[in-house]
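Worksheet: one structure, shown below.
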Amino acid sequence: AFESEKVDFAVAYAAKAFLCVAMAQLVDEEGLWLDVSSGGELYTALSAGFPPEKILFHGNNKTRHELELAVESGVRYIVIDNFNEIEYLDGFVRRKGRKQQVLIRVTPGIIPSTHTYIQTGQMDSKFGFGLATGMAMEAVIEVLSRESLSLKGFHIHIGSQIFALNSFEKAVEVMAAFVSEVKSRTGFEAEVVNFGGGLGIKYRIQDVPATIPEYVKTITEKAKEEFFARNISLPLLMVEPGRSIVGNTCVTLYTIGSIKEIPGIRIYVAVDGGMSDNLRPMLYGAVYEAVIANKMKKDLEMKVTVAGKHCESGDILVKDVWLPEPESGDILAIPATGAYGYAMANNYNLQPRPEVIFVTKGKARTVIRRETYDDLIRNNFKLHGEK
């Protein structure tokens with residue numbers, strides 16, 4: 001989509017949506033950059049052989065160890081999020097006799113139409129330097145004063161699962177104005193502006209997200225308009241899709257266990273997973289569809305609620321969904337679980353995490369094996385006796 005717009009661009013896959021060694025290798029094969037937000041994500045990428053010169057390192061509270069790992073690994077950009085980071089990073093890079101390229105994360109004050117938990121661009125945010133408060137300009141001046149840090153541009157991210165393209169247009173407008181102000185006050189002109197991710201996907205039948213070409217055209221056309229109107233050069237335009245790449249590629253398969261009817265109230269269909277493999281419905285009310293994979297041609301006869309197996313009343317995956325009559329042993333499938341499903345997976349109730357399988361052209365390959373009970377206690381020590 002970007003190639004057809006005739007602009008300098010880079011697309012960085014947002015690792016937080018889902019990452020494993022095989023996924024990092026696939027991202028590299030497709031020619032994308034990689035956006036990581038923790039030492040663990042960076043280590044996984046490096047273990048996969050991902051080129052560090054195509055990695056950006058995010059995070060609102062990078063530890064000293066993480067910053068050092070990023071510098072020593074040779075990542076292209078560290079996205080600076082706070083003043084403490086400027087101070088420590090500058091000192092460490094100077095001691096190493098190097099120079100580190102950085103972007104500054106700007107909080108633009110834009111509130112897109114999405115769940116409050118996944119809005120990130122509003123002024124009251126733990127991320128970045130606020131525009132309205134003057135912190136963003138202060139950060140620019142501070143970074144420019146550090147000889148070991150090479151400022152290349154700016155980064156924003158306004159939120160996730162966004163359908164309204166005008167939110168992205170507003171982000172471009174705000175950033176063009178800020179780039180122009182920075183040039184006027186300091187003489188620095190941004191080479192890169194990263195507009196983050198956030199493009200929504202279809203989770204429910206009634207969802208109508210924008211297409212990728214529509215999203216790209218919105219950003220590029222608005223950028224040309226706003227930057228040229230201010231007589232400043234169009235920087236390299238970067239975006240960081242995560243959900244819109246992996247979200248709809250994944251289907252989670254469960255085995256139905258107990259079926260419990262509460263007369264006049266509800267039918268609960270329980271599966272062998274739940275909040276340990278998909279926390280999103282419990283975390284911020286995410287809504288999914290569900291089907292019975294081995295009964296796809298049968299009529300929808302019963303309205304049920306799909307419950308997980310964990311010791312929480314709120315462990316509900318899908319509420320009030322119509323299915324063929326379910327039976328114990330049926331395979332229940334929930335689509336669109338590729339983003340923030342396995343990435344947020346946990347071992348609550350000491351539930352082993354499931355296997356992850358890549359499938360293409362009729363061939364299947366395990367890329368993360370199913371956890372075992374031995375895996376769950378691998379790092380445990382006994383109270384007495386041998387470790």
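The values are calculated or read from the model by the stated rules, or taken from the named source; none is laboratory data. What you are looking at is a predicted structure, and each value in this text was computed from that prediction instead of being measured. Reconstructed Cβ throughout: ideal geometry from the backbone, glycine too, with neighbour counts over all protein chains shown. These accessible areas exclude ligands, DNA and RNA; they are computed on the full protein's heavy atoms, side chains included. Shrake-Rupley method; radii C 1.70, N 1.55, O 1.52, S 1.80 Å.
Miscellaneous remarks
- Net length gained if the chain between residue 202 and residue 126 were fully extended (0.36 nm per residue, minus Cα distance): 24.6 nm
- A protection proxy built from the mean count of other Cβ atoms within 10 Å ranks the segments 40-51, 365-376, most packed first, as 40-51, 365-376.
- Apportionment of accessible area to carbon and sulfur, segment 237-373, percent (1.4 Å): 54
- Among (1) 0.99; (2) 0.94; (3) 1.09, the entry that matches Cα Rg over 2.2 N^0.38 Å as calculated here: (3)
- Computed lengthening from residue 1 to residue 94, 0.36 nm per intervening residue step minus Cα-Cα distance: 29.5 nm
- DSSP bridge pairs, the chain: antiparallel proportion in percent, nearest 5: 40
- Gyration tensor (alpha-carbon) shape descriptor, segment 234-387, a/c threshold 1.5: oblate
- Note on exposure: 32, 317 ranked by accessible area (1.4 Å probe, complete protein assembly) read 32, 317, with the most exposed listed first.
- Note that segment 367-382 has calculated 3J(HN,Hα) couplings of 10, 9, 6, 5, 5, 10, 4, 4, 4, 5, 10, 4, 9, 7, 10, 6 Hz, one per residue in order, obtained from phi through the Karplus relation 6.51 cos²θ - 1.76 cosθ + 1.60 (θ = phi - 60°); glycine and proline are x.
- Computed extension gain for residue 379 through residue 183, at 0.36 nm per residue and net of the alpha carbon distance, reaches 65.3 nm.
- Rounded to the nearest 20 debye, dipole of the chain from Cβ charges on Lys, Arg, Asp, Glu: 380
- Residues whose amide H comes within less than 5 Å of that of residue 317, counting only those at least five positions distant or on another chain, are 306, 307, 308 (H built at 1.01 Å from N in the peptide plane).
- Ordering 254, 159, 82 by the projection of their Cα atoms onto the charge dipole of the chain, which places +1 on the Cβ of Lys and Arg and -1 on the Cβ of Asp and Glu, puts 254 at the extreme positive end.
- Mean-position separation - Cα centroids, segment 22-92 and segment 189-247, in angstrom: 22
- Dividing the summed helix terms, -39500 (n - 2.57) for each DSSP H run of n ≥ 4, by the number of residues in the chain produces a 222 nm estimate of -8000 deg cm²/dmol to the nearest 500.
- Here segment 269-343 is treated with +1 on each Lys and Arg Cβ and -1 on each Asp and Glu Cβ, and its dipole about the Cα centre works out to around 160 debye.
- Rounded to whole Hz, the Karplus (6.51, -1.76, 1.60) HN-Hα couplings of segment 37-54, x for glycine and proline: 10, 7, x, x, 5, 5, 4, 4, 4, 5, 5, 7, x, 5, x, x, 6, 10
- Extreme residue, positive dipole direction of segment 29-95, given options 71, 55, 36 (C-beta unit charges): 71
- Amide H contacts under 5 Å for residue 151, placed H, 5+ residues apart: 102
- Under 5 Å from the amide H of residue 10 lie the amide H atoms of 237, 238, 239, each residue being 5 or more positions distant or on a separate chain, with H modelled from the backbone and absent for Pro and chain starts.
- Each Lys and Arg contributes +1 and each Asp and Glu -1, all at the Cβ; summed about the Cα centre of segment 1-84, the dipole is approximately 220 debye.
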